[in-house]
Structures are given as C-alpha cells and as structure tokens.
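Asker: First, the structure itself, so that you have it in front of you.
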Amino acid sequence: AGGGASSFRSVFTEVLQSIGQQRNQGSRVTGPPTFELKPDCSNEYDPSFYHLRKTDHQHAMDTIARLRKQKLSGSSRETKTTMVLPLVAEPPTGHPRFLAARLMLHLPSIYSAIRRYLMYALFSGSWLPPSEPEPLMNHDGVLAVPTPMSLGGPEGVTTRSSLRRGKTEMSSTSNVAGGASFSPETVAASSKSFLEVLQLLTLQVHTLEECSNLHRTLPFLDHEQKSLSSNTNVNSYLQQMIGVPKSLVNVWALLCAPDGPLPSEGSGENRGSVLGLCIALYEHRDNGDNSNRGHKSANDDHGGARTLSSDGLKWLLRFVSALVDGAENVTSARESAT
C-alpha cells in the first residue's frame, strides 16, 4: 500500500508540473502551495465542465482569457492581434467502441436545437421571435403615416424604399406587447449566454472529418450509424449551417434592416439559419470590436466569458469562411481559422 501511494504521488506530481506552475505566495504564507495553469495548456479548458460551479467557471474564464492572451503573445506583433483560439480544443482520441457517440453531434435534430437556443440568446431570453411593432397612432386613433415629403421620395412620390424607411423609423420608436421594440440595443444588452451551444458548434468542427470516416473504419457500426457517418461531410455540414426552416422565412425579427430591426455589414440573408444567427450575435453582441458602436453589452461584467465567446465565435466563422473559399480539407480550414 505504501508503495502504491508513493507511486501515485510521483505520477500526480509529474502531471501537475507538466500543466501547472506554482504561484509565488511570499515568505509569510504557511498554507499548501497553489498552482496556476500554464498558458500553453489554456486551450484545454472546458467552460461547460459540469464539476465546477457557475461562479467557479466565471473566475476560471477570467484567468483562461488572460492565459490565452499570454499564449498568443509569443506570436509576431502582426499576427498576435488577429489570432484567436477555438472555444474548446479537439477532443482526444477515443476508444473505438465509443467513437460512434460523437455522431450525435451531427444529427439534424442537434442543429435544430442549436438554432433554437441561438434565437433564445439573440432575442434576449425569448424562445420565439418578437413580433413586428404596431405602427404609431395619433390622439384621434388615426394611423400616423409619414407624408411623402418627409419620406424623401422624389418630387413627393412615395417610393417602396422610402416606405420601408418610414416603417423602420416608426418601428424604432414604438413598443411591442410586454416590452420595448426589438433592436440592436436589445441584442447588445442581452445577458443570455450561449457558451454551451458554441461548444457544441466547435466540437462539430473538430469531429467532422473523423465522423465522416467512421463507416469505413468501424465495421461493427449498425445500419443507422453507418448511414449517418456516410452522409456526414463538408457539404452536409454547410447545408445544415445555412438551412432556414420554412417557419423562419420572412420573419420580421430576422430580416435585415431596413425591412427588419437588425442591420448587417453583409447581406443579412438567411439569418434564420445557424450560421446567420451566429453572425448576428457576433455583429451585435459578441464582437470584441463592437465597443465603438455605442452598445453596452451585458457581458461586459464578465470580461473573461465575453472574450472567450467572442474569440470562439470568430474562430467558428473563420472556419466556415475557409470552407466556402475552397479549403483543401477540414484540417486546413481549422488551421486557417486560428
């Protein structure tokens, strides 16, 4: 028994020294030594690890954000400001008998669940898209429609674009039942985290290539597992990412301004897709560079969580962009996303 305890102590000490470094506690501290994770191991942190309480994770994410910044500081000055790390690292090699469990990440129902929760985060805690605000009414109960001259139509003519602009101006000042009108400020002020969903999206990327080959490498898979594996590839992944359910087509809250409430630096199309919702969240909430837009993010109170979310989302969007631009394979797309 004594030899076993000694062996365990030596192995534990070796592992601890490989991933952590002892903190300097000063000469007056008599308690046990404390250790901090090495920057090189910061990418191994899992923000949804269920053996830690939420408050512990909040403190850990502040530390991990700082350590990841130190890890990237070794790069050149030009790349240091552009490099980002995925939210979670690639999972380790699994036992062949359990690898099929990773196929669950690529089920169509998982994409549907991810889409629903991204909407929950975008709509500040609402599972359904907010309704289009009712137009303003004057004191006599008459619809307050802007005049053609105020809409800026040529020679007093009301054009379709001017009507949309007038409609958007009215919507921005009106309220919906139960709260203020949905707007970019609403998204920026949302405190709903989607770190767990971003973790799933990142793990989908990490396991995409592996899962697409399981039907070839694991002959003992059942018919359903082989079918799912053989149908998992880059094309199916992109189709799931950009697919918009019929129920979300032409929904006001998901339309790009001026037809809808949220502007976009891109086309703003297909915002009801998983990719479209990720882009909307990045543009209006989890973009590390959006401080100059004047929106106060509710995530500002937890800088570590906001940094990890912003960097992880940026990495995911870069990966998808690399695939669309014709990356040779998933591995090269992942590398170019960092």
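Asker: Extending each Cα 7 Å along its Cβ direction at residue 335 and residue 55, get the distance between those two points in nm, one decimal.
Answerer: Distance between label points: 4.5 nm.
Asker: What is the extension gain from residue 63 to residue 12, computed as 0.36 nm multiplied by their sequence separation minus the C-alpha to C-alpha distance, in nm to one decimal?
Answerer: 16.1 nm
Asker: Which of the pairs 192/246; 71/314; 71/226; 54/314 have their Cα atoms more than 28 Å apart in this structure?
Answerer: Pairs exceeding 28 Å: 71/226.
Asker: Right, something else. What order, most packed first, do the peptides 90-103, 200-213 have when packing is the mean number of other Cβ atoms within 10 Å of each residue?
Answerer: Taking the mean over residues of other Cβ atoms within 10 Å, the ranking is 200-213, 90-103.
Asker: Also, I was wondering about something else. I'd like the distance separating the alpha-carbon centroids of region 302-338 and region 12-64, in whole Å.
Answerer: Comparing the Cα centres of region 302-338 and region 12-64, I get a distance of 26 Å.
Asker: Distance in nm between label sites at residue 98 and residue 235, each 7 Å beyond Cα in the beta-carbon direction?
Answerer: For residue 98 paired with residue 235, the spin-label model returns 3.4 nm.
Asker: What FRET efficiency comes out for the pair residue 113/residue 223, r = Cβ-Cβ distance, R0 = 22 Å, nearest 0.05?
Answerer: Approximately 0.35, to the nearest 0.05.
Asker: Could you give the distance between the Cα centres of region 180-257 and region 86-116, to the whole Å?
Answerer: Each part reduced to its Cα centre gives a spacing of 11 Å.
Readers should treat all values here as calculations from the given coordinates under stated rules, not as data from a laboratory. Only a predicted model underlies this, so the values are computations on that prediction, with no experimental measurement involved. Cβ: placed from backbone, ideal geometry, glycine included. Neighbour counts: every protein chain shown.
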